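Report on one structure; see the data block that follows.
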Amino acid sequence: MKLMLHVFPGIVRYPLIASVILETSALVNIERASIDAVSGEIVLEVPAEKCNEVKEAFERRGVRVVPLEIPVVRDENECVHCGACVSICPTGTFRFEDWLVVADSGKCIQCGACVMGCPQRALKLVLK
Amino acid sequence: MQEKSLAEINERIRDGSVRVVTAEQMPDIVDELGPAGAVREVDVVTTGTFGAMCSSGVFLNLGHSDPPIKIARAFLNKVEAYGGVAAVDLFLGATQPSIDRGIEYGGAHVIEDLVAGKQIDVEAEGASTDCYPQTELETSLRLEDFNQAMMVNPRNAYQRYNAATNTSDRTLHTYMGTLLPRLGNIHYSGAGVLSPLSNDPNFDYVGMGTRIFLAGAQGFVIGSGTQHNPQNNFSTLMVTGDLKKMSNRYLRAATFHKYGPSLYLGIGIPIPVLNEKIARNTAVRDRDITVPVVDYGIPRRDRPSLKMVSYEDLKSGMIDLNGKEVTTSSLSSFHMAREIALELKVQVEQGEFLLSQAVEPLSRVGSSRPMKQTKESPNVGDVMSRDIVSVREDIQVDEAAKLIVSGSFDHLPVVSKDGRLMGIITAWDISKAVAGGKPTKIANIMTRRVYSALVDEPIELAARTLDTHSISALPVVDKDNKVIGMITSNHLSRLLARRR
């Protein structure tokens with residue numbers, strides 16, 4: 001399961017992820033992290049059985065946590081199954097099945113590459 | 001030799017006894033029955049392709065207003081259409097961006113909206129004459145309100161198309177989609193086994209006047225398309241069809257990020273199996289159609305080709321390039337190409353789509369030469385400064401500061417012992433180091449990922465590098481990466497000032 005962390009400026013300097021890993025012993029994978037002057041956004045892959053524990057540990061540290069259940073949606077009327085999203089996705093979310101583009105939303109880390117890369121403008125990130 | 005006539009096949013289409021297969025099914029049939037057997041068993045092979053076809057557009061006739069207007073400039077939903085033909089005729093090109101929404105809405109989107117039955121806002125400016133006194137006009141029209149809406153596309157249905165990759169170290173946004181840096185992916189276009197012209201490469205059937213499936217309507221081949229180059233298996237078609245009969249299923253507006261609008265079109269051609277030669281040609285497979293993988297990281301006309309690959313390789317999803325497994329994906333839709341070939345099969349079987357005898361064969365010789373450029377654009381070497389100071393990485397920051405103060409640039413290229421470019425240092429880097437207080441060597445503060453220009457490339461490329469990265473100077477290097485000059489935004493502005 002993927003968790004989106006919204007980190008506020010006051011706590012950006014604190015080793016949040018390291019402390020949560022030590023507390024929960026969860027094998028997390030940092031899939032994306034972008035931190036600037038006003039906020040931080042981090043996407044973590046967390047084993048399903050540890051998901052609630054990790055979520056609560058972050059929340060106790062003042063981090064807003066949103067599980068990414070459906071990170072990217074497709075407008076079926078716009079998609080022509082060309083495949084422009086397939087090879088540009090860093091996590092392999094999209095693939096062909098008998099020349100139809102199918103999505104494994106669980107792999108999406110909301111980087112947005114496919115949204116810009118889709119010539120039909122059929123893809124949108126679900127922002128939370 | 002087994003043969004039959006087009007009239008015979010059309011007779012079978014009319015009486016419902018015609019035997020039709022798609023170009024995907026044909027190779028196995030020819031393998032099994034041989035060409036002669038295939039001619040006996042199959043009458044028509046349907047093809048299809050669905051992809052971005054930029055060279056497309058529509059002639060529109062608006063009808064005459066009262067008082068009448070001779071339109072000089074016209075905008076349809078803020079997209080300019082060409083008015084340099086008779087008074088109320090316009091040509092709307094697919095790739096024209098709008099003046100309000102830019103590339104997110106362009107000519108292709110207007111065409112798509114018209115086909116979808118939507119109302120379009122028309123603004124026209126007239127050249128006032130005795131016969132056409134009106135100077136300005138606004139109206140709102142739907143597709144049915146135009147007298148004619150004829151699609152006329154100068155270049156469609158490329159026989160095959162170069163695959164694209166990128167060896168440079170930045171992401172490129174091209175008409176071949178997003179190309180990731182350092183051979184991050186390969187994009188390709190074209191239907192391969194279903195491609196209409198790959199199934200008739202010698203134009204044994206396709207010619208002027210051939211009836212085709214064009215975005216759901218029955219259209220026609222006008223002749224060979226622009227850049228038609230059959231000698232190198234890059235043939236193209238010029239086609240026409242009635243927009244009023246087209247369907248949005250097969251006509252989709254698109255936008256390539258940071259490139260522009262384009263039109264995705266579905267085209268299909270049914271090919272009659274008149275003889276064994278045609279049977280053999282329609283038995284073409286993905287593995288028989290090869291294209292070069294071209295490096296779009298080199299922004300020149302003659303982009304280097306890295307490898308020849310087949311559509312079978314491209315469709316496998318992975319290609320080995322320089323020892324690296326590179327993922328491939330398409331920009332055209334094979335799913336839709338297949339749907340078009342199947343739809344066409346049904347239409348032929350139901351007697352709705354007759355085949356036509358070409359009036360004239362397509363040209364077997366084409367031309368896709370480079371542009372003759374009569375006004376030479378200067379190269380970087382013509383405008384750069386050769387009188388430059390470069391430094392080695394082991395000097396102290398204060399020495400570098402002195403060199404900048406006494407010289408004419410606020411950039412110093414840092415070079416190795418043999419003069420090769422290693423980094424760059426700017427007046428800003430030095431100020432920052434000085435403000436930091438500690439004396440240090442420039443090796444510790446220089447930028448090592450440095451953009452440079454090649455001495456023999458056109459200045460347009462250096463200008464684009466400066467612009468893309470918001471920088472003001474580039475070291476100029478020769479082919480061995482040795483620094484031989486500097487080019488700055490000042491050089492380029494001086495050049496422009498002189499031209500005026």
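The values are calculated or read from the model by the stated rules, or taken from the named source; none is laboratory data. Because the structure is a prediction, the values reported are computed rather than measured. FYI the Cβ positions are ideal-geometry reconstructions off the backbone, even for glycines, and counts take in every protein chain you see.
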Has region B:53-61 got any residue that is part of a strand (DSSP E or B) and farther than 28 Å from residue B:161 by Cβ?
yes
Scope region A:99-112; condition assigned to a loop (DSSP other than H, G, I, E, B) and facing chain B (nearest Cβ under 8 Å); matching residues:
A:99
Test for residue B:405: is it assigned by TED's automatic domain parsing to the domain that holds residue B:485 and surrounded by 19 or more Cβ atoms within 10 Å (Cβ to Cβ):
no
Which numbered condition residue B:439 misses (of (1) in a loop (DSSP other than H, G, I, E, B); (2) modelled with pLDDT of 85 or more; (3) more than 24 Å from residue B:170 (Cβ to Cβ); (4) not hydroxyl-bearing (Ser, Thr, Tyr))
(2)
Take the residues of region B:358-413 that are of a type in the set (Ser, Thr, Tyr) and under 28 Å from the mean Cα position of the chain (by Cα): which is nearest to residue B:208 (Cα to Cα)?
B:363
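Would you confirm whether or not region B:140-159 contains a residue that is over 29 Å from residue B:267 (Cβ atoms) and in a strand (DSSP E or B)?
Just the residues of region B:140-159 that are over 29 Å from residue B:267 (Cβ atoms), to begin with: B:140.
Okay, now just the ones that are also in a strand (DSSP E or B), so B:140.
Yes, region B:140-159 contains at least one residue that is over 29 Å from residue B:267 (Cβ atoms) and in a strand (DSSP E or B).
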Top-ranked residue of region B:255-285 - restricted to ones that are within 14 Å of chain A (Cβ to nearest Cβ), surrounded by 22 or more Cβ atoms within 10 Å (Cβ to Cβ) and of a type outside the set (A, V, I, L, M), ranked as farthest from residue A:80 (Cα to Cα)
B:261
Single residue of A:30, A:42, A:17 found to be free of Cβ contacts under 8 Å to residues at least 24 places away in the same chain, away from every other protein chain (no Cβ under 14 Å) and of a type in the set (A, V, I, L, M, F, W, C):
A:30
Per the list (1) touching a residue at least 60 places away in the same chain (Cβ under 8 Å); (2) surrounded by fewer than 20 Cβ atoms within 10 Å (Cβ to Cβ), residue check on residue B:413 breaks on (2)
Condition broken by residue B:145, with the remaining ones in (1) within 14 Å of another protein chain (Cβ to nearest Cβ); (2) more than 14 Å from the chain's Cα centre (by Cα); (3) within 22 Å of residue B:94 (Cα to Cα) satisfied
(1)
What do you reckon, is residue A:94 buried (at least 16 other Cβ atoms within 10 Å of the Cβ), under 18 Å from the mean Cα position of the chain (by Cα) and more than 14 Å from chain B (Cβ to nearest Cβ)?
no
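Listed here are the residues, each with its yes/no results for (1) under 19 Å from residue B:63 (Cα atoms); (2) touching a helix residue (DSSP H, G or I) at 6+ places or on another chain (Cβ under 9 Å); (3) crowded, with 24+ Cβ neighbours inside 10 Å.
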residue: B:107; (1), (2), (3): no, no, yes
residue: B:126; (1), (2), (3): yes, no, no
residue: B:129; (1), (2), (3): yes, no, no
residue: B:141; (1), (2), (3): yes, yes, no
residue: B:166; (1), (2), (3): no, no, yes
residue: B:175; (1), (2), (3): no, no, no
residue: B:181; (1), (2), (3): no, no, no
Restricting attention to region B:162-183, does a residue exist that is closer than 22 Å to residue B:55 by Cα, in contact (Cβ under 8 Å) with a residue 24 or more places away in the chain, out of contact with any Phe, Trp or Tyr (no Cβ under 7 Å at 6 or more places or on another chain) and within 14 Å of chain A (Cβ to nearest Cβ)?
yes
Could you check region A:113-128 and list, in sequence order, the residues that are within 12 Å of chain B (Cβ to nearest Cβ) and part of a loop (DSSP other than H, G, I, E, B)?
A:118, A:119, A:120, A:121, A:122
State whether one or more residues within region B:63-75 are free of Cβ contacts under 8 Å to residues at least 40 places away in the same chain, surrounded by fewer than 16 Cβ atoms within 10 Å (Cβ to Cβ) and more than 30 Å from residue B:207 (Cα to Cα).
yes
Okay, helices (runs of 4 or more DSSP H) sitting entirely in region B:327-419 with 3 or more residues that are closer than 30 Å to residue A:83 by Cα and more than 14 Å from chain A (Cβ to nearest Cβ), I get B:334-349
Please pick out the residue among B:393, B:352 that is without any contact (Cβ under 8 Å) to a residue 60 or more places away in the chain, in contact with a helix residue (DSSP H, G or I) (Cβ under 6 Å, 6 or more places away or on another chain) and of a type in the set (Asp, Glu).
B:393
Looking at the structure I just gave you, is residue B:293 hydrophobic (A, V, I, L, M, F, W, C) and either within 14 Å of chain A (Cβ to nearest Cβ) or under 30 Å from residue B:168 (Cα atoms) (or both)?
yes
In region B:19-42, anything in a loop (DSSP other than H, G, I, E, B) and surrounded by fewer than 23 Cβ atoms within 10 Å (Cβ to Cβ) is listed as B:19, B:24, B:25, B:42
